[in-house]
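Reviewing the structure listed below.
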Amino acid sequence: MTEVRVPDIGDFKDVEIIELLVGPGDRVEPEAPLLTLESDKATMEIPSPSGGVIGKLHVGVGDRVSEGSLILELEGDSAPDAETPATEGEQQAPAPSPEPETPPEPAVPPATPAPAAPPQTAPAPPARAGAAGA
């Protein structure tokens with residue numbers, strides 16, 4: 001479990017929480033926004049320091065926080081590591097599917113119609129023959 005606290009937000013103190021972007025049980029990625037603060041001069045989102053699952057929230061909308069205030073508990077930093085190897089093994093099997101996408105590159109042969117243009121140049125010589133006959 002990781003305690004997530006308000007990071008350095010400058011000289012602001014007692015800043016109001018205007019929006020909670022996560023709830024207990026939500027999975028978050030590193031740097032995902034957790035909540036939005038509003039000062040007299042600006043609004044700012046507080047990002048997650050790491051990935052995991054939201055445990056207990058210690059704040060709510062309308063609460064006022066300052067640098068170092070406890071926001072929430074983030075769980076599962078070690079649990080995802082245990083699940084990741086099994087998931088990675090499963091994800092490696094689908095990896096071959098991008099390889100079949102490579103064969104559409106032979107779609108380049110439709111560029112061979114450009115050589116079909118020379119047969120159009122072939123009708124041009126008969127025009128010369130007609131000019132030569134006149």
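Restricting to the stretch 39-54, and then to whatever is assigned to a strand (DSSP E or B) and not β-branched (Val, Ile, Thr), can you tell me which residue is nearest to Met1 (Cα to Cα)?
Of everything passing the filter in the stretch 39-54, Gly52 is nearest to Met1 (Cα to Cα).
Which members of the stretch 55-76 meet the condition of being closer than 17 Å to Pro7 by Cβ, open to solvent by less than 40 Å² (accessible area, probe 1.4 Å) and in a strand (DSSP E or B)?
Val65, Ile71, Leu72, Glu73, Leu74
Among the residues in the stretch 31-38, are any open to solvent by 40 Å² or more (accessible area, probe 1.4 Å), at pLDDT 90 or above and more than 18 Å from Met1 (Cα to Cα)?
yes
The values are calculated or read from the model by the stated rules, or taken from the named source; none is laboratory data. Remember, predicted model here, so these are calculated numbers, not experimental data. Backbone-built Cβ (ideal geometry, glycine too); neighbour counts: all protein chains shown. We work out accessible area using only protein heavy atoms, side chains counted, and drop any ligands, DNA or RNA first. Shrake-Rupley method; radii C 1.70, N 1.55, O 1.52, S 1.80 Å.
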